[in-house]
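Some notes on the structure that comes next.
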2 protein chains.
Amino acid sequence: MAGGGQLARMTQQAAIALGVPLRVLAGAPDDSAAQVVADVRVGNDRALDDLRTFAKGCDVITFDHEHVPGDHIRALEETGVACRPGAAALAHAQDKFVMRERLSAFGVPCPAFARLPAAGAVPALEAFARDHGTPVVLKAVRGGYDGKGVWVLDSVGDDAAALVTGLLGQGLDLMVEEHVAFRREIAALVARSPYGQGAAYPIVETVQENGICTEVIAPAPGLSDDLAVAAQNLALGIANELGVVGLLAVELFETATGPVVNELAMRPHNSGHWTIEGSRTSQFEQHLRAVLDLPLGSTEPTAPVTVMANVLGGDDPDVYSRYVHVMAHDPAVKVHLYGKEVRPGRKIGHVTALGDDLADVRERARHAADYLRWGPAMKAPGTKENA
Amino acid sequence: MAGGGQLARMTQQAAIALGVPLRVLAGAPDDSAAQVVADVRVGNDRALDDLRTFAKGCDVITFDHEHVPGDHIRALEETGVACRPGAAALAHAQDKFVMRERLSAFGVPCPAFARLPAAGAVPALEAFARDHGTPVVLKAVRGGYDGKGVWVLDSVGDDAAALVTGLLGQGLDLMVEEHVAFRREIAALVARSPYGQGAAYPIVETVQENGICTEVIAPAPGLSDDLAVAAQNLALGIANELGVVGLLAVELFETATGPVVNELAMRPHNSGHWTIEGSRTSQFEQHLRAVLDLPLGSTEPTAPVTVMANVLGGDDPDVYSRYVHVMAHDPAVKVHLYGKEVRPGRKIGHVTALGDDLADVRERARHAADYLRWGPAMKAPGTKENA
């Protein structure tokens, strides 16, 4: 697995059970996954030479993130290295414009979109806003994550023009999208094997704050069976159309007219962490089974409701000192920490609670995540509730 | 964790989630756990110098097996190393005679037993058989496991005398025990923290063939609530009386007059592998929580019935080639392989199935384990069913 983040770290748990020797290409020896894997290669997963060295002796290469350049993956494939997903599929998770063009052509509901050419970006933005109204969503075509690389513009005036000019000056490719009036955000997670087998997890609701996912509720509460099946089929169809091998996470807007695609990822995804305890087969095991062309595992839920809450860094870096309270308060909550340096707002772990009652399970997950972040105050110092 | 076997390997899965950096002292770099842990020290866990070097920088030392000499553990403790369980408790899992004396004094039901002195072993054995009848069970006081070090003697004649003389000649300490007429074997698994908190898992039935555990059924079918609670309390009482820190597995005979103690282990135990999927807290996480003095986790079952079947080595070492069938046949069965060289009869992994119906769940686990061992024949070549 190229990339040494928490996704590779959690993949190692599944690899241990399957007896699959996992090698990780990590940027540094203390990367999240490098701490827990015996076979670590330290190198640059954006550099072809490092990728080639890393790949020697591996049966299959897969990815912890979208940032390995497509040209490098193609170069590996040309020398016979099995990359799953392959460069052709992965392009759609790496380049938002390529994704929008392909999905729209395939008939998948997407927001209206347009590329902003480096010459004439501001007039193009203004024209788009005239056609589709404001707010509009400005996006970096490549490299964004966790709300980075996305700007919601309430109006298209001088401030917007200055932002666009500044971003172009940094060398970013930009596009603009219609701002979708959504009821909530949901996500579909599916897997596809080289053999062509598909498996779909229940549709989940994802709760975002400031562009960062804070909570995932499985299954999405009150989602109609029709809409759930439509969203699963949409994701399975995209996986098939794009030839994805491994996991495909499709972030969706739930709208009055059905699901609309927001983003794609082709790897284990934050919206699927709940599956470690909440599904018979975790997304990490499923990804390994898919990329190794093994039959896919059951996606049956293990409880009526599962809630995953991300643990974000607070001000006090010693998150472990808060274990005692969290574990004593709720002996059934499951804590996952990623071994990452605590920085305010950074995803450093997650917690999972399961049960029958949605409100109760949400409260349990929320409590554990808030306490691990903030301790007994349960809120950031100086916030209104806590002032 | 001293020892690099499958118990340390599976402990790593729990350590990854908790964010606990696990260091392993392995006998060889390709030991089961050494394959999956970043911080491996290769050394001899029976050698005090290697143990001292290993312990430097560890907060707590715990054990993958019972074979670290008690004197060495005591020496570590004398220099301030936290060993959990400590030497005083662990002695009762290392020396069957010490265990029998202590438990009997504590009023715990045990078989009648006697040490066989090196001088006069055979007359002592004959006297024991006269008092308690035959068969009798001859045991090595230290070092046995998986049926090794245990001999059931149907009669005490010349053959028995020759066996005893031979074993004494190999330097073994021997004891003899009454052969308990049991209905079946069950096991109690509990945890105890330094703080004194205790947690008990449901009582399980263990199925043995030729002294090797082949199957664990959780909870033990048809066990009365009274007997289940009695067995849990017995184990919690032993853990408390002996000052165990970490897990304590108590192998029990179910008899007409209640549970009788067979063996003790103070570590994750084969009879608890089912907890990885079948309990809210796996025994591996529980052991870590206990030895780190964290609040213990919920032992609530996740399904009405969980069955674990050990995968033993067959004749064909390529167990992975049989994955495809097992996973396709039953997408919900969970496979755990230990990365160990396949040798006939050796425990190389286990499978777990969960569900509502005992017969169905047993059949699913049995099928997966048998197929992984033997492939499509499902039986050893030349066995009656397959001849």
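For B:ASP45, all conditions in the list (1) facing another protein chain (nearest Cβ under 10 Å); (2) over 20 Å from B:GLN283 (Cβ atoms); (3) open to solvent by less than 40 Å² (accessible area, probe 1.4 Å) hold save one; what is the number of the exception? That leaves (1) as the condition not met. Determine if segment B:52-62 includes at least one residue that is touching a residue at least 24 places away in the same chain (Cβ under 8 Å), more than 24 Å from A:ALA14 (Cα to Cα) and either within 14 Å of chain A (Cβ to nearest Cβ) or hydroxyl-bearing (Ser, Thr, Tyr) (or both). The answer is yes; a qualifying residue exists. When segment B:198-224 is limited to residues that are more than 15 Å from B:HIS273 (Cβ to Cβ) and among the hydrophobic types (A, V, I, L, M, F, W, C), the one that is surrounded by the fewest Cβ atoms within 10 Å (Cβ to Cβ) turns out to be B:LEU223.
Is it fair to say A:PRO194 is open to solvent by 40 Å² or more (accessible area, probe 1.4 Å) and either touching a helix residue (DSSP H, G or I) at 6+ places or on another chain (Cβ under 6 Å) or not in a strand (DSSP E or B) (or both)? Yes, satisfied. What residue, of A:HIS325, A:HIS329, A:HIS287, is assigned by TED's automatic domain parsing to the domain that holds A:ASP370, crowded, with 21+ Cβ neighbours inside 10 Å and not hydroxyl-bearing (Ser, Thr, Tyr)? After ruling out the rest, the residue left standing is A:HIS287. When the helices (runs of 4 or more DSSP H) confined to segment B:275-345 are screened for residues that are in contact (Cβ under 8 Å) with a residue 60 or more places away in the chain and touching a Gly at 6+ places or on another chain (Cβ under 9 Å), those reaching at least 3 such residues are found at B:283-291. Would a scan of segment A:8-17 turn up a residue that is open to solvent by less than 10 Å² (accessible area, probe 1.4 Å), within 11 Å of chain B (Cβ to nearest Cβ) and polar (S, T, N, Q)? Yes; the residues of segment A:8-17 include at least one that is open to solvent by less than 10 Å² (accessible area, probe 1.4 Å), within 11 Å of chain B (Cβ to nearest Cβ) and polar (S, T, N, Q). In the set B:ARG100, B:ARG130, only one residue is of a type in the set (Lys, Arg), in contact with a Pro (Cβ under 9 Å, 6 or more places away or on another chain) and in a helix (DSSP H, G or I); that residue is B:ARG100. Remark: B:ALA368 falls outside the filter, which requires a residue to be open to solvent by less than 10 Å² (accessible area, probe 1.4 Å), assigned to a strand (DSSP E or B), of a type in the set (Gly, Ala, Ser) and within 18 Å of A:LEU294 (Cβ to Cβ). On the basis of being assigned by TED's automatic domain parsing to the domain that holds B:ASP45 and not in a helix (DSSP H, G or I), does B:HIS67 make the cut? Judged against the criteria, B:HIS67 is a match. Take A:ARG184 and tell me if it is closer than 18 Å to A:CYS110 by Cα, open to solvent by 20 Å² or more (accessible area, probe 1.4 Å) and more than 16 Å from the chain's Cα centre (by Cα). Considered against the rule, which asks whether it is closer than 18 Å to A:CYS110 by Cα, open to solvent by 20 Å² or more (accessible area, probe 1.4 Å) and more than 16 Å from the chain's Cα centre (by Cα), A:ARG184 comes out as yes. Residue count for segment B:227-253, restricted to those that are among the acidic types (Asp, Glu) and in contact with a strand residue (DSSP E or B) (Cβ under 9 Å, 6 or more places away or on another chain): 1. Between A:LEU227, A:LEU252, A:LEU236, the distinction of being over 19 Å from A:ARG362 (Cα atoms), touching a helix residue (DSSP H, G or I) at 6+ places or on another chain (Cβ under 8 Å) and either crowded, with 23+ Cβ neighbours inside 10 Å or more than 14 Å from every other protein chain (Cβ to nearest Cβ) (or both) belongs to A:LEU252 only. Within segment B:144-166, not a single residue is free of Cβ contacts under 8 Å to residues at least 12 places away in the same chain, more than 16 Å from the chain's Cα centre (by Cα) and under 23 Å from B:GLY196 (Cβ atoms). Against the list (1) modelled with pLDDT of 95 or more; (2) more than 22 Å from A:THR302 (Cβ to Cβ), the condition A:LEU189 fails is (2).
Of all residue pairs spaced 6 or more apart or on separate chains, those with beta-carbon atoms under 6 Å, a first member in segment A:67-91 that is within 17 Å of A:VAL291 (Cα to Cα) and small (Gly, Ala, Ser) and a second member that is assigned to a loop (DSSP other than H, G, I, E, B) and open to solvent by less than 60 Å² (accessible area, probe 1.4 Å) are A:ALA82/A:VAL60; A:ALA89/A:GLY243; A:ALA89/A:VAL244.
Filter segment A:337-358 down to the residues that are in contact with a Ser or Thr (Cβ under 6 Å, 6 or more places away or on another chain), closer than 14 Å to A:MET10 by Cα and not small (Gly, Ala, Ser), then identify the one that is farthest from the other protein chains (Cβ to nearest Cβ). Filtering segment A:337-358 for residues that are in contact with a Ser or Thr (Cβ under 6 Å, 6 or more places away or on another chain), closer than 14 Å to A:MET10 by Cα and not small (Gly, Ala, Ser), the one farthest from the other protein chains (Cβ to nearest Cβ) comes out as A:LYS340.
The values are calculated or read from the model by the stated rules, or taken from the named source; none is laboratory data. Every value quoted in this text rests on a predicted model; they were computed, and no experiment measured them. Note that each Cβ is placed from the backbone with ideal geometry, even for glycine, and that neighbours are counted across all protein chains shown. Accessible surface is based on the protein model in full, side chains and every heavy atom, while ligands, DNA and RNA are left aside. Shrake-Rupley method; radii C 1.70, N 1.55, O 1.52, S 1.80 Å.
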